[in-house]
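Contents: one structure, followed by commentary.
Here, each number is a calculation from the coordinates, and none is a lab measurement. Bear in mind the structure is a predicted one, so any value in this text is a computation, not a measurement.
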Amino acid sequence: MEQGQIDANLGGHVYKKRVGIKGRGKSGGVRTLIAFQLEERAFFMYGFAKNKRDNIEDNELKALKVLAKKLLNYTDKELSNAIEAGEIIEVL
């Protein structure tokens, strides 16, 4: 992502990234929606198989932009609290 390898900037720090599945490549893979701020943080928010739906609805994108803003503005303490409470999961 930091090297500009995104598929679409949906605005509001929400990005779409296509991910291939072994044996099916990107065209048969999944789409992921990520909250991302360069040199800061990245959060996986949503993913779906391309064969299950074409895209997200406008109201879903609006909600994801609100969520991205909240996630990307967490202080270190708020982030730690959210992880401890199981509200978000840290993936290393």
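Potential lengthening of the chain between Lys52 and Asn9 amounts to 13.3 nm, from the contour at 0.36 nm per residue minus the alpha-carbon distance.
Look at (i) -0.67, -0.74, -1.23; (ii) -0.79, -0.88, -1.28; (iii) -0.80, -0.89, -1.43: the one that is log10 I(q)/I(0) by the Debye sum over Cα atoms at q = 0.17, 0.18, 0.24 Å⁻¹ derived from this structure is (ii).
Listed by chain and number, the lysines whose C-alpha is less than 19 Å from the C-alpha of Lys77, apart from same-chain residues fewer than 8 away, are Lys69.
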